[in-house]
Amino acid sequence: MMISHTESKSTPQVSPGLGKPSVKIRIKPVHTCVPGRARYHVNILHRASALGQQLEQQMGAISGIMAIRVNGLTGSVVIVYGKDIALDELPYLLLEACKQAIKGLRFTGSLTKTDTKALIHFKAYFDSLWRHTQNLFASTRGISVSPRAPQDNTDWHVLEVNHILEKLQVDAHQGMNKHAVQRTLEKYGLNQLPEIARRSPLSMFLSQLFTLPVGLLGASALVSLATGGILDAGIIVGVVLINASIGFFTEMQAERIISSLTKITPRHAQVIRDGELQSIPHAHVAVGDVLVLQPGDFIAADARVIKASQLTLDESALTGESMPVSKNTSPIDRQDTPLADRRNMVYMGTMITGGNGLGIVIATGVNTQIGQIQSLVGEAHAPETPMQQELDHIGTQLALTSGAICVGVFGLGMLRGYGLLQMLKSSVSLAVAAVPEGLPAVATTTLALGIRKMSKYNVAVRHLDAVETLGSVQVFCLDKTGTLTLNCMTAVTAYVGGKHYFVSGEQLFVENKPFAGFSDDSYRRFLEIISLCNEAVQQNSKQQISMNGTPTENALLELARLSDLDIDALRQRYPHYKIKYRAENRPYMYTFHRLPRKRHLIAVKGSPQEVLMLCDSYQDQDGIHPIDDAFRVAMSNINNQMAGDALRVLAVAYAERPIRPIKDEEAPVNLIWLGLVGMTDPLRTGMPDLMRLFHRAGIHTVMITGDQSSTAYAIGKQLNLSNGKPLQILDSTRLEKLDQKILSGLIHNVHVFARVSPANKLQIVQAIQKSGKIVAMTGDGINDGPALKAANIGVAMGGASSDVARSVSDVVLEDDNLHTMVAAVEHGRAIYNNIRKSIHYLISTNMSEIEVMLAGIAMGAGEVLSPKQLLWINLVTDIFPGLALSMEAPAADLIRQPPRDPQEKIIRRQDLIRMARESTIITTGSMAAYGYGFLRYGIGPQSNTILFNSLTLAQLLHSITCRSESHSIFSRGTLPRNPYLNYAIAGSGLLQVMAMLIPGLRSGLGSSPLNVLDLLVVAGGAVAPMLINDSFKHILQPEIHSPHDQSDTCTSTTNVSQTNKETAA
């Protein structure tokens, strides 16, 4: 079968009289024997990659097409399709998609040929040219993903649900059929946001030139050119270009690393189509689709809520509101209701944190609220970290200061009678000396390389600024389940009908005797309820029986299996028809199961205190009895005993009653109490040792858990969270009612927060932040999402984490090993310290150049170093040693030092004093060598050459001094090896030797040959400053805190909450 079609084209501009160009589409089947897979040859796809991409998008949007791959070299198309599509139908769908793909192409130019090959070749050439043009120059707009037709901008939030369904012609139970979906996608296009254009290579290169320091060098080049120094001007421009090239390549590398962090895994949405639940990519969601809203899902498109049960969303990505927002189906009267107050709408990019519901899609792609915002965004720049901003500020200040010095020196020289030309040259030399060329590249490159280094420890850092924040973490909030524990529950004990049951291995015991069958109805009913109020599925195989569900529900089902309960037969006898999940302010779950005579069974499990309050009777082997105060006290004591053994305790209850409508907010009351079950979730290996390491690093550890206070207290003691001090625990049941200022005051001393809800986690993190601390938060579940996002550093456990936790976190521990956070914190501190070392080196060496030039003018020697020599010194000594210092390995005692103050400037007052002292010593050594040359040779090239070499080598050796503030070459022990610095010093030293040995380069720099005595003086003028500066580390030894003083840096001993016994009471 051959299908042929000629498609008229009206988009290209053609010459009068030539008519409209046309494209003849021929589709030829190549291989269609394999069911569900077909290969075709399409003539227009040969060497037309852009058209192939359009065709893949068009075919991918068709319901039933599982996959499509276009080969642009051969023009073949491979299609994988489902059962809904007949093989005979496929060529026609492909033909229609080809037509739509051609219509979707936009290009301009003149066509003089109308045959297929000419059109396609022209288009391929134009697409290639346009892509190269876009890559070359920075784009100011994103790639358009506009729909083919405008979407309805009705105020959906004011309409009733029935009106919306009628307007969109959709049945809420059936959803859209595949033909309606295809028509809608063809009309409106795919549900995609505009791609934001990244910085082009040319833009990055030009950004290296358009800075104030480079502008100052450019002005210097112009002055040199105006005063006849053509060679000087050329060298200045050459050095600027070399520096820009080095900065460009380092930034390109950093940009690639940063870009790799922002790649998002394709997401899928649950929709109802043709009456069935289907999982489809977000891009294929269409207007009118019925979205199934479940916890942890990201909303695929803007939708109107048509059904909601305790539905809450995190809308911070759109509105900035950090607290979860509850949703309902009620229409809103005001059309101008602000976005954040539209409680019956859900928006693309927001996240479901609790409950469930249904929504009908009313806008996709650029028509969504977040799409309209993103379409206004211009070129995407990687945001500057606070450190980068501070370095930019330092660079600007240095340039302005040097400019002021140049003007002052020029004015002083003119007053002293120096000539105009001479003072202009001297001013140019000073301007060149003041600019640290390596400063802009330090932060970006060091942070990006730090991300790569941490990946070796299976620590994936997702944001550049997270690297510098890691080093200043002061408080570590640790979610218990799945982070500190294995999240592998095992039911070990139960108290039912006045009897104790416990599990040992694979054996169940009751009152210390092996379980020998059901002796009373209360335990059987207990097992039935924990099996019915349970979504775990029992999977039977020849080898073993396994459970597929949450760890808690798996453990409960396993207890029922050990007790020889027939779970499958039970669930067939009591089919469930409705479920209410745990939610905010409802710490229990309950399910509804049909009984004969229009009655139903309500099965409940949840927090013991709350479930006990819902009960008015209890069941034991003698029947059902009313609950009195003595029974409530007895159950509370047993609950506390179990919790005190670090067990997670759940209560179990039930009721049988006539079926009647139940509101979502209505609690099941008058229940029959059955008993308690205790489960253990073992701690991960080495957690107490890890807490000790955090304490040694000066980091305060806080555990956040939904467990009862007794359970949380027992686990906190096992972990030694309080570092040997009295463990302080705060029950968070009424935390939301506590004033935020009071909470911020209490928070310093709390080690454990118990009975915490997802909203409480967010409240706790924000309260700690308001007290001025840098907070890291770990988590792995959906309910951790808001707190992970709000924390300064959100840490997700890699393999065990939900998609929500990984997507909002800053750091992902890919191997689920929390111990790697110690290495991450250590490297975060090392990176910050290394950047300080680089800055210290760059500024102190540049200060020495300014001082040398000022000293020459003050001595009456005039310009002791030419602009060419100063530029050479900066080129040789600035960039490579500066970058090498930023790659120092962490010092052995770094992790035992307290976290840095986040308000502390990267250059402190004591740093400025130290830099001034060291630069003065370098200047003194270099000027002493110059003095030797002056006395022996007088003012001229020979003495300048001695100064030139002495200052260059002194600066290179100064990089060794900058490796540590306290450790010197005279100290015992050694610093970690830094081969990069060795290579940088050796390479830069070799360049300096070449500058002296190669005649052309030597004469270009205005230098002269040196004899052996001159070289010895040069060596003395370089080595002596290093030895003197290093000796000051012993004379002015900084105060080093002992590890014992640091472990409690962030901890206070004031009692702020009830102890375990008080909270239990």
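In segment 508-524, the residue that is modelled with the highest pLDDT out of those that are surrounded by fewer than 21 Cβ atoms within 10 Å (Cβ to Cβ) and touching a Leu at 6+ places or on another chain (Cβ under 8 Å) is R524.
The number of residues in segment 535-559 that are surrounded by 14 or more Cβ atoms within 10 Å (Cβ to Cβ), at pLDDT below 85 and either small (G, A, S) or in a helix (DSSP H, G or I) (or both) comes to 2. Residue count for segment 460-481 satisfying the condition of being of a type outside the set (S, T, Y), modelled with pLDDT under 85 and not in a loop (DSSP other than H, G, I, E, B): 7.
When we screen Y588, Y581 for residues that are surrounded by fewer than 20 Cβ atoms within 10 Å (Cβ to Cβ), assigned by TED's automatic domain parsing to the domain that holds D520 and hydroxyl-bearing (S, T, Y), the only hit is Y581.
Within segment 268-300, being charged (D, E, K, R) and surrounded by fewer than 17 Cβ atoms within 10 Å (Cβ to Cβ) holds for D274, E276. On inspection, T952 qualifies as under 30 Å from L222 (Cβ atoms), touching a residue at least 12 places away in the same chain (Cβ under 8 Å) and not in a loop (DSSP other than H, G, I, E, B).
Yes/no per residue for (1) touching a strand residue (DSSP E or B) at 6+ places or on another chain (Cβ under 8 Å); (2) closer than 28 Å to F526 by Cα:
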| residue | (1), (2) |
| --- | --- |
| L674 | yes, yes |
| L690 | no, no |
| Q708 | yes, yes |
| G716 | yes, no |
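Beta carbons closer than 7 Å, at least 6 apart along the sequence or on distinct chains, pair a first residue in segment 172-184 that is not assigned by TED's automatic domain parsing to the domain that holds A97 with a second that is surrounded by 16 or more Cβ atoms within 10 Å (Cβ to Cβ) and part of a helix (DSSP H, G or I) for A172/L165. If I filter segment 819-833 for residues that are in a helix (DSSP H, G or I) and touching a His at 6+ places or on another chain (Cβ under 7 Å), do I get at least one hit? Checked segment 819-833: no residue is in a helix (DSSP H, G or I) and touching a His at 6+ places or on another chain (Cβ under 7 Å).
Criterion applied to D620, D629, D568, D616 was being closer than 19 Å to L671 by Cβ, in the same structural domain as I659 (by TED's automatic domain parsing) and free of Cβ contacts under 8 Å to residues at least 40 places away in the same chain, and the one residue passing it is D629. Among the residues of segment 149-192, the ones that are over 22 Å from G371 (Cβ atoms) and small (G, A, S) come to 3 in all.
Residues in segment 471-484 that are surrounded by fewer than 24 Cβ atoms within 10 Å (Cβ to Cβ) and out of contact with any Ser or Thr (no Cβ under 9 Å at 6 or more places or on another chain): G471, S472. Taking every residue in segment 978-991 that is surrounded by 16 or more Cβ atoms within 10 Å (Cβ to Cβ) and pairing it with any residue that is of a type in the set (K, R), at least 6 positions away or on another chain, the pairs with Cβ-Cβ distances below 9 Å are N978/R963; L981/R963. Scanning segment 808-818 for any residue that is closer than 13 Å to L478 by Cβ and surrounded by fewer than 24 Cβ atoms within 10 Å (Cβ to Cβ) turns up at least one such residue. The criterion of at least 3 residues that are within 44 Å of the chain's Cα centre (by Cα) and buried (at least 19 other Cβ atoms within 10 Å of the Cβ) is met, among strands (runs of 3 or more DSSP E) falling completely within segment 601-688, by 648-658, 671-680. Within segment 751-807, restricting attention to residues that are modelled with pLDDT under 75 and in contact with a Leu (Cβ under 7 Å, 6 or more places away or on another chain), the residue that is surrounded by the fewest Cβ atoms within 10 Å (Cβ to Cβ) is G798.
Among the residues of segment 496-526, those identified as assigned to a strand (DSSP E or B) and among the aromatic types (F, W, Y) are Y501, F502, F509. Contact map, segment 857-878: first residue over 23 Å from I839 (Cα atoms) and of a type in the set (S, T, N, Q), second residue assigned to a helix (DSSP H, G or I) and at pLDDT 80 or above, Cβ cut-off under 8 Å, separation 6 or more or different chains; pairs are S866/N944.
The values are calculated or read from the model by the stated rules, or taken from the named source; none is laboratory data. Only a predicted model underlies this, so the values are computations on that prediction, with no experimental measurement involved. Virtual Cβ from ideal backbone geometry, glycine too; neighbours counted across all protein chains shown.
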